[in-house]
Each structure stands twice: as structure tokens, then as C-alpha cells.
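One structure below.
The values are calculated or read from the model by the stated rules, or taken from the named source; none is laboratory data. Computed from a predicted model, the values in this text were never measured in an experiment. Positions of Cβ are generated from backbone atoms using ideal geometry, with glycine treated the same way; all protein chains shown enter the neighbour counts. For the accessible areas, the whole protein counts, side chains as well, though only heavy atoms, and no ligand, DNA or RNA atoms are used. Shrake-Rupley method; radii C 1.70, N 1.55, O 1.52, S 1.80 Å.
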Amino acid sequence: MRLSLSSRAITEGALAAALTAILGLLGMYVPFFYPLSLVAIPLPLALLVLRHNFSTALTATLITAAVLFLLLGHPLAVLFLIIQTGPLGLLLGLLLKNRVNFGPALAVLSLTSVLLTLLTLGLTFLFTGINPLAAGEEMTRTMQRALEFYQASGLLSGPTLEQTRQALEQALHLALLLLPANLVIWSVVLVYFTYVLAVAVLRRLGYHSLAPVPALRHWRWPWYVVWAAICGLGALLLGDYTGRTWLTAAGQNLLYAAGFLYLIIGMSVVSFHLGRRPWPRWIKILLVLTAFFYWPVFLAALVTLGLLDPLFHLRRTGEK
């Protein structure tokens, strides 16, 4: 007997909820699987939106939350996991169902992911009182204990100990300073892999009308992304001039996040020109060796290319 649309929706919704709950449990109990679960959990929900509708996927999300709560018994952990993945799965399904192009879809998903990450951090502080300053103090104490252990063991002493201490303190300060930008970058990277995996899986399932993810060599940023660097540099200079450390920190985080965007497009420019013609192997080997031994200069060159490409169309030559 052929299932009706409502019974098929109920059956597939239950299966999707069960699969999502299994992925959530693996993410909770297997530490290294947690990032993979953040990438994979939105997929069953997006498939439900494609095959049925938004309400079916939303119901499956709520059922997943209830199942995880019953099995785990940690409401905050379940809440944070669902907040980070559920809305992304629903939104991804809507974007794919409406045939939104890769660029706008990734931009919308990235912005949503960043907002959800900020919401999760805000709720964490509200319910638990955990804040980055406390984490920074704990990291400082851990660093001090490690240095004391190495000193007592005789591995570090004298000028070497002081140099190591200064290097670790600078690295710790930089990590805490750029924590917001790193959270933004992490959110965007997770969303990208979720989108790529979703398109690959759905095309395997028969949704061939979905356009594949464009190759890196075809990626473009609009010209106004240069304003990210301008605003970041302006905030940095204004913060130094007025003595407002929060403004300086905001400028540094904005420049760091913008540098990530320019780095991606710089890699796209290099990939485009390397793919235009069959370059000799020795040139490619030389490029790899240069990138390995002079990686700071190489990264700076890529960021510069990514900053200039939206303005001067560095790939215009040879394009059709």
C-alpha cells in the first residue's frame, strides 16, 4: 500500500530526528567528533525541508531536542547544540529549495552562523557566568604551572626561561585578543563544509538540479569587501589615537577576519592563473617550496592579491 504524503512525512521526519539525535550523541560523547557533528547535523533537517516542508523539519528538530534531553539530561548542552545546528539546517533547506546561488547562500548562512555563535556565547555567560576573562586567567595559571614544571625539571633556566615566558605571554595575549575574529572564522568554515557536504549528498540522492559548489578558481568577492580593511584600519588608528583599547581591539579583530577573506580570494587568483595553462612542473614545485620556507611572505602576498582582485580584476586577462 502506497504511503500518503502525510504518513511519508511523519516516517521520514522520525528517521531524520533519530539520525540527528545519533549525530548529536556522538558529538557529545566523542570529543573529536564534535566538529563533525556540527557539520553533519543540519543535513537531515535540510533534506526534510527539500522533500516536504519547513514545518516537518521544525517538528523533527524539536523531537531531536527532546530525545537528546532525555538521553543526556543536560539541558544547556542540548540547547546550545540545537541552537548552533537546528536553524542552520532549516535555513539551508530553504535556500537549496529556492535555488539560491552559492555566493548569496553562503553569505546568509555565514551571517546566521555567526549570530548563532554569539547567541550561544551570550546564553553561556547568562546561565553559567563563564566569560573570556576567566578563561584567560585560567590559561595564564596553566602557563605558569607549566613553566614552573620545566624550571624544576631543569629543562629551562636563566635567559631561556624568561624568553619562553615572554613568548608564551605574547601568544596568550594575542589568542585572547583575536578570540572574536577566530570564532567568526570558525563559524564560517563550519558552514562552508556543511554546504559542500549537503550539496554532495543531495546530488547523490537524486537532486541533480542543485548546482555543484564552484571551484575555488571561480570565487569572487564584491568590490565593497575592501571596506572591511578600511574600517578595521580606521578603528585601529582611532583607538590608538584616543586611547580606547576596546576600539583598538575591534579594529584588530576586523582586520584579522578581513585578512581571512582576502587570503581565500588570493588563493583563488593563484588557482585561476595556474589553471589557465599547463605550467611546467618545476614552477609548481618552486611555488610549493617558496610557500613552505617563506610562508609569512607567501601569506602576505596572497592577502594582498585578495585585497586587490575585487578592485582591479586581476583575473580579467584570459577570461571569457
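Observations, loosely collected:
- Per residue convex hull volume, Cα atoms of the stretch 1-103, in Å³: 102 Å³
- Percent of Cα-Cα distances greater than 12 Å, calculated over the stretch 170-217: 71 percent
- Sorted largest first, the principal axis extents computed over the alpha-carbon atoms of the chain equal 80, 57, 43 Å.
- Viscosity 1.567 mPa s, temperature 4 °C, Stokes-Einstein D of the stretch 34-82 from Kirkwood C-alpha radius, µm²/s: 114 µm²/s
- Per residue, the convex hull around the alpha carbon atoms of the stretch 68-128 comes to 67 Å³.
- Computed [θ] at 222 nm, deg cm²/dmol, the chain (DSSP H ≥ 4; -39,500 (n - 2.57); rounded to nearest 500): -27500 deg cm²/dmol
- Projected-area average for the stretch 249-319 over all orientations - Cα convex hull basis, square nanometres: 5.4 nm²
- Fraction of accessible area attributable to carbon and sulfur, the chain (%, probe 1.4 Å): 72 percent
- The stretch 261-320: chymotrypsin sites (Phe, Trp or Tyr not before Pro) in DSSP loop, at most 14 other beta carbons within 10 Å: Tyr294
- Per residue, the stretch 201-312 exposes an accessible area of 66 Å² to a 1.4 Å probe, with every protein chain left in place.
- Computed lengthening from Lys97 to Thr11, 0.36 nm per intervening residue step minus Cα-Cα distance: 28.9 nm
- Full extension of the chain between Phe125 and Phe32 yields a length gain of 31.0 nm, computed as 0.36 nm times the residue separation minus the alpha carbon distance.
- Distance histogram in 10 Å bins (all Cα pairs of the stretch 201-248, percent per bin): 21, 22, 19, 17, 15, 6
- Space enclosed by the convex hull of the alpha-carbon atoms of the stretch 169-320, per residue, Å³: 160 Å³
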